[in-house]
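Below is one structure; the comments refer to it alone.
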Amino acid sequence: MPIDTKAIEAAKEHFGKVLTQQLERVETLKKGQEWTDFSKINPIIVGIIGGDGIGPAIAAEAQRILEHLLKQQVDAGKVRFRTIEGLTIENRIAKMKAIPEDVLADIKKCHVTLKGPTETPEQGDGRPNIESANVSMRKELDLFANVRPVRIPQDGIDWTFFRENTEDLYALGSQGINVTPDVAIDFRLITTQGTERIVEAGFDFAKRNGKTKVTIITKANVVKTTDGKFLTIARNIAKRYPGIEMDAWYIDIMTAQLLNPLRRSEFQVMVLPNLYGDIITDEAGQIQGGVGTAGSANIGKQFSMFEAIHGSAPRMVREGRAQYADPSSIVRAGAMLLEHIGFSDLGMRVHKALDICGQYEKKIVMTGRSTGATGKDFGDYLMATVRDPRINERWDGYVKATTPKKS
Ligand code: IPM
Ligand code: MG
């Protein structure tokens, strides 16, 4: 067969459009933006988005804890909750939009949102090929830092992942091209501005929290241009943070090191491109006790969105187990939301309740099926713990009893 030059021309034209979009985007990024100062906002609007599958049920558990903790602020008019409807797979397919316009407009009326997982049709599953609502929201609201903490105090693990959230294979994930029936190409995007801001976010976090090491994770030995750029930029930025050591690892060996008890407690802050971050944070969540236990903050300068790190679990719903879905991940995200809008003490209370109920005391255990508790029962347990005036003493006691002594 002769080379299909027409197909090549069509692909080039498409590529040209993609490049134009991205060069324009970079110009916007160069302008920079100020961070929202929550101490100056009144009222702070907190949107609640149920999502699909197990989403509405687990989001409801997080919502009631937030509403309880913020009652005073709500009564004083400082915080307002707002329910956002319509971010469902049915409505998104009906409107053929990753996020229908009226829903996006509602989301933009909130300073922060707590979002249940949303379902994404997979290419070839018979449904229209709409983009993931998560990915779209991250791009639309420019939520560039996906912050995912994982802590297992008894194993000396205290990791915070800074996953870049708007670039890499995700940026153009629905704009790849089938050049011919035999050749498919996706595009991987790394920009200077996009890399600088995530690396700085990681180092700033390290500095604010007394961390001494930031680990940059790439595959720059193979993916030379884009990962090479990410790593080079990180090395330059690291020079501005004396007292914080930067080390660099490749993603493959890093996934192994997270399982290495001799090494893993050395890692503190990890900064990495989008897809590697997606994969390794599921692994890290599993090490902590399951992806259902880890929270995720999607931080932008203007807006932020907090969510579970897992999906909408259509399998659980199909098998009639939705009521057994663990709300811990989205509750953890709720704790991060509280911290982000300036209520660190309240956020800490939720983190402590999650540690006590999920890791230490475990009076109620979830198995994801009828052999364990329901999400509602676990939500009651968390709520009772959050309300306990002795929560700090309880938590301190467990931490003391289980933390290994440093020799
Ligand atoms: C996550 C999820 C999403 C992602 C999916 C649902 C698109 O896995 O938040 O990690 O890949 O980012
Ligand atoms: Mg993921």
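The values are calculated or read from the model by the stated rules, or taken from the named source; none is laboratory data. Computed from a predicted model, the values in this text were never measured in an experiment. Every residue, glycine as well, gets a Cβ built from its backbone with ideal geometry; the counts of neighbours run over all protein chains shown.
Structure summary
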| quantity | calculated |
| --- | --- |
| The range 294-322 - residue that is within 14 Å of ligand 2 (Cβ to nearest atom) and of a type outside the set (Gly, Ala, Ser) and, of those, surrounded by the fewest Cβ atoms within 10 Å (Cβ to Cβ) | 310 |
| Among the candidates 217, 237, 233, residue that is among the hydrophobic types (A, V, I, L, M, F, W, C) and either in a strand (DSSP E or B) or within 16 Å of ligand 1 (Cβ to nearest atom) (or both) | 217 |
| Residue within the range 18-34 that is in a loop (DSSP other than H, G, I, E, B), at pLDDT 95 or above and crowded, with 19+ Cβ neighbours inside 10 Å present | no |
| Condition broken by residue 270, with the remaining ones in (1) surrounded by fewer than 21 Cβ atoms within 10 Å (Cβ to Cβ); (2) in a strand (DSSP E or B); (3) within 16 Å of ligand 1 (Cβ to nearest atom) satisfied | (1) |
| Qualifying residue in the range 323-330 (condition: within 16 Å of ligand 2 (Cβ to nearest atom), surrounded by fewer than 24 Cβ atoms within 10 Å (Cβ to Cβ) and over 20 Å from residue 196 (Cβ atoms)) | no |
| Test result for residue 99, under 21 Å from residue 165 (Cβ atoms) and either crowded, with 19+ Cβ neighbours inside 10 Å or within 16 Å of ligand 2 (Cβ to nearest atom) (or both) | yes |
| Residues that are at pLDDT 90 or above and assigned to a loop (DSSP other than H, G, I, E, B), drawn from the range 128-143 | 141, 142, 143 |
| Check on residue 101, of a type outside the set (Ser, Thr, Tyr) and in contact (Cβ under 8 Å) with a residue 40 or more places away in the chain | no |
| Top-ranked residue in the range 109-127 [being assigned to a loop (DSSP other than H, G, I, E, B) and within 16 Å of ligand 2 (Cβ to nearest atom); ranked as modelled with the lowest pLDDT] | 122 |
| Among (1) within 16 Å of ligand 1 (Cβ to nearest atom); (2) assigned to a helix (DSSP H, G or I); (3) under 25 Å from residue 172 (Cα atoms) - the single one residue 90 does not satisfy | (1) |
| Criterion: within 17 Å of residue 329 (Cβ to Cβ) and modelled with pLDDT of 95 or more - qualifying residue of 151, 163 | 163 |
| Every residue from the range 273-293 that is outside any helix (DSSP H, G or I) and near ligand 2 (Cβ under 10 Å from one of its atoms) | none |
| Helices (runs of 4 or more DSSP H) enclosed by the range 296-371 - at least 3 residues per element that are more than 16 Å from ligand 1 (Cβ to nearest atom) and closer than 21 Å to residue 392 by Cα | 328-340, 344-354 |
| Only one of 257, 154 that is within 28 Å of residue 288 (Cβ to Cβ), away from ligand 2 (no atom under 16 Å from the Cβ), touching a Ser or Thr at 6+ places or on another chain (Cβ under 8 Å) and not small (Gly, Ala, Ser) | 154 |
